[in-house]
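Shown next, in structure tokens, is the structure this report addresses.
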Amino acid sequence: MMKKTLRARHARGQAMVETAIGATLFVTIVAFGIHFAEVGFLSLKVQEAAISALWDGTHGEMHLLPLNYDPAGNSMRNAAGDAQGRYADFNGLSATTGAGITQALTTGSGMNVSCDMGAGVDWGGAAVTRVVYRDNGGTQCRAQATLSAWRFPSSFLDQGESGLYQERNMESHLANFQVCAVGRPVAGRCAGSFSMLIDDWGLAGEVESTTCNILMQDQLIPCTNVPLHATVFTTYTPTVMAIPGAASMLAEQALYMNPLPPTALAMVGLGMKERTMWLSAAGEDSLFTQLPPLRDPIGMGIWSTSPGSLLGGLTTLPYGLGYQAREGCFLGKDCN
């Protein structure tokens, strides 16, 4: 009976020792689990910062048509600076910016976001449009930050050579490391980036969206909206030069006569006839009607464009009637 009691006590004592040793291992496992979870979360915030800059930059100014495409680079750099400020605390949604973040066992600091042009994401469009519509090579954004172990036990129950654990939990040179939005750092620098095409070559801003009042057709700058006319003119001209006379021949086959007035036919040598570019871009401020000056050799008179005109929309009846019935609600304006 006594031997059985001793065996039972011995078994209980062994279980207690195993439990104590297992508990020490469990503490280490939990600590590493918390640290790795925080590293994973903060690494995603570094990636989020780069993506935020990439998309936010697209709302900025991209060009000054017809020749200047430098504003795109400025817009992307400004977006990167804004993202770096917002994600300095690895949040991006807080009202105030910070110099980093401290969690249970991990700290994040040194958030750096940058965006550049000429990422190699090319799309040049058609050959005849490249005089004005430039290929900027797209943009690329990258981000990196430093993550560090904080209050993480570097050793546990180690007492020299007789210590329970001889190996350290974490070596000091592994306590700080760089994380990148894309890929891994090389020599402390993150080369990976997110790339995207930007700039749809559309007219934007006050200067490029004003009414194009006709001054003189078939001239280099015949209208007050220079970006609009220059982009259309430089795209139109190379195409018509390649097929001289085609428009007139088509019209004569259909009508058995050239429909252009004598004033235009008399100026064939000056680039008139079917090569003439007609550009209409009247806005609401002019009731969608342009009045070509009398010196215009075509002499078309009042030139109405949709949705209405001074003539009450007679030339574009459905649009004119719809515009007159708008009651102040049109083109994004508040409705009455």
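The values are calculated or read from the model by the stated rules, or taken from the named source; none is laboratory data. Keep in mind it's a predicted model, so treat the numbers as computed, not measured. Here the Cβ is made from the backbone with ideal geometry for all residues, glycine too, and neighbour counts use every protein chain on show.
Within the range 232-251, residues that are more than 24 Å from residue 281 (Cα to Cα) sit with their Cβ atoms under 9 Å from residues that are in a helix (DSSP H, G or I) and modelled with pLDDT of 70 or more, at 6+ positions apart or across chains, in these pairs: 242/128; 246/240. Within the range 29-40, the only residue that satisfies the criterion of being under 21 Å from residue 113 (Cα atoms) and free of Cβ contacts under 8 Å to residues at least 24 places away in the same chain is 40. Go through the range 77-118 and give me each residue that's part of a loop (DSSP other than H, G, I, E, B) and among the hydroxyl-bearing types (Ser, Thr, Tyr). Matches in the range 77-118: 87, 94, 96, 97. Among the residues of the range 105-118, those that are closer than 14 Å to residue 77 by Cα, in contact (Cβ under 8 Å) with a residue 24 or more places away in the chain and not polar (S, T, N, Q) comprise 113, 115, 116, 117. Based on this model, can you work out whether residue 99 counts as modelled with pLDDT under 95, under 30 Å from residue 33 (Cβ atoms) and not polar (S, T, N, Q)? Against the criterion (modelled with pLDDT under 95, under 30 Å from residue 33 (Cβ atoms) and not polar (S, T, N, Q)), residue 99 qualifies. Across the range 46-96, the qualifying residues are those that are more than 20 Å from residue 146 (Cα to Cα) and among the β-branched types (Val, Ile, Thr), and the one among them that is modelled with the highest pLDDT is 58.
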